[in-house]
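S.K.: The structure that follows is given in the form of structure tokens.
The values are calculated or read from the model by the stated rules, or taken from the named source; none is laboratory data. Nothing here was measured: the structure is a model prediction, and the numbers come from that model. Reconstructed Cβ throughout: ideal geometry from the backbone, glycine too, with neighbour counts over all protein chains shown. Side chains are part of the model used for accessible areas, which takes the heavy atoms of the whole protein and leaves out ligands, DNA and RNA. Shrake-Rupley method; radii C 1.70, N 1.55, O 1.52, S 1.80 Å.
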Amino acid sequence: MASTPPNPASLSDGDPAIPLGVRVQRQGATGPAGQPGTVRVVALKGGKLHELEDADAMAKLPELVGKPDCAAWVDLVAPTATQTAQVGEALGLHPLIIEDVLEGNQRAKIETTEGVVHIVLFHLSYGEVVVASELDVVLGKGFLLTVHNVDWDPRAGHHLAGGLAPVLKHGPDHLLWAIADDLIDGYFPFADRIGDAIDEVQDQVIRKATPDTVEQLFKLKRELIQVRRAISPVREVFNQLTNRDETLIDPDEIVYFRDIYDHVIRLTDELDNYRELASATLDVYLTQVNNNLSVIMKRLTGVTVILAGIGAVAGIFGMSEAGQALNGGEANGFWLVTSIVVAMAAVAAVVLRHIDWI
């Protein structure tokens, strides 16, 4: 059965953290022009496993593919256009499939052409930036073709860690499930760390709403949109795999793909929740800014009340001398009026402080 997604709490401290707000980079499956990639062929024929590479793999490929007692996996690692075309010709693939593989700018999708299923998925790798690498998978009669870049090795997944023979003996469709399940499970740590990043921004907004915080929030929202753009179509891919009659997939294998489909649904729901949390955090930020502005205006109003009272009294006695300061003489009256004004200002300050206006 398909594995349970890894528990974020079990991730080691040495796992690379996802930088907050970095852009997600797209990367095609084929390699740079002029630099030949690696062609690997693993075939289970007559109960015996054959592993070939590069020239030997290309030479033996026609003899292994399409045989009733053989299940083959053709793995192209950062191939050139020539290598891809040669393998496609040996497998009898439609030119449109080869064109899509070489284009390297596909969205996650599933297409059936001349009885061959072409699936496009993405592998996420974490470092200083998040890289979404395209994985092209072609399922045909008796073979599975995978085309990917060097930053991901499908054999590193836990389903293939015990060897290829136990997986290939169930057919190429079971190998497709093993690779896809490992790929989808790798999305969950990324989603969990996105959630941690949102929690961190929320804490920053609550503590102190600053322009730097809202800048981080906008970067995080942009990253969520980019990641969802790469992952969301995967839901439709496995929906079609589990709900339409596909002769290349054994009916007994459908339950495995349904398990992946459940994982994808949960993943997309989490991403939608994180996007709503990011929007809600922005609303909290705006509310905090408005609250701070209200507090500032209240403080200014309190100060204005005190200064306006002092200014009014000073204006009256300055313009008319107010009967020589209430007949107390100009000098004595000045200090009398000043004392009264200061006392009134102090009382006003105490009252305004008590009602939290200053």
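S.K.: I need the per residue convex hull volume for region 212-307, using only the alpha carbons, in cubic angstrom as a whole number.
M.R.: In region 212-307, the Cα hull volume divided by residue count equals 85 Å³.
S.K.: Across 10 Å bins from 0, what is the distribution of all Cα-Cα pair distances for region 76-211, in whole percents?
M.R.: So the P(r) values, bin by bin, are 10, 35, 30, 13, 7, 4, 0.
S.K.: With only alpha-carbon atoms in the gyration tensor, what are the semi-axes of the equivalent ellipsoid for region 152-242, in Å, largest first?
M.R.: With the √(5λ) rule applied to region 152-242, the semi-axes are 38, 15, 9 Å.
S.K.: Per residue of region 55-67, what does 6.51 cos²θ - 1.76 cosθ + 1.60 with θ = phi - 60° give for ³J(HN,Hα)? Whole Hz please, x for Gly and Pro, Karplus curve as stated.
M.R.: Running phi through 6.51 cos²θ - 1.76 cosθ + 1.60 with θ = phi - 60° gives 4, 4, 5, 5, 6, 8, 4, x, 7, 9, 7, x, 7 Hz.
S.K.: I need the phi-derived Karplus couplings for region 162-171: 6.51 cos²θ - 1.76 cosθ + 1.60, θ = phi - 60°, integer Hz, Gly and Pro marked x.
M.R.: x, x, 8, 4, x, 7, 5, 5, 8, x
S.K.: While we're here: From the phi of every residue in region 292-303, what ³J(HN,Hα) in whole Hz does the Karplus formula 6.51 cos²θ - 1.76 cosθ + 1.60 yield, where θ is phi - 60° and glycine or proline is x?
M.R.: Using θ = phi - 60°, the values come out as 4, 5, 5, 5, 4, 5, 5, 5, 5, 5, x, 5 Hz.
S.K.: Suppose all protein chains stay in the model; what accessible area per residue would a 1.4 Å probe give for region 71-205, in Å²?
M.R.: 33
S.K.: Where the eigenvalues come from the Cα gyration tensor of region 37-93, what are the semi-axes √(5λ) of the equivalent ellipsoid, largest first, in whole Å?
M.R.: Output for region 37-93: semi-axes of 19, 12, 8 Å.
S.K.: Taking 26 Å as the cut-off for C-alpha to C-alpha distance, list the pairs among LYS208/LYS298; LYS45/LYS109; LYS109/LYS141; LYS60/LYS169 that go past it.
M.R.: LYS45/LYS109
S.K.: Additional query: What number, in percent, do you get for the relative contact order of region 148-246 if the mean sequence gap of Cα pairs under 8 Å and at least 6 apart is divided by its residue count?
M.R.: It rounds to 15 percent for region 148-246.
S.K.: Still on this structure, please answer the following. For PHE122, which sequence-distant residues (separation of 5 or more, or a different chain) have an amide H within less than 5 Å of its own amide H, given hydrogens modelled in the peptide plane?
M.R.: Close amide H contacts, sequence-distant or interchain: LEU135.
S.K.: Mind pulling up the Rg/Rh value for region 36-138? Radius of gyration and Kirkwood radius, both on Cα.
M.R.: My calculation of the ratio gives 0.99.
S.K.: I would also like to ask the following. About the Cα centre, and with charges only on the beta carbon of Lys, Arg (+1) and Asp, Glu (-1), how big is the dipole of region 251-297? Nearest 20 debye, please.
M.R.: 380
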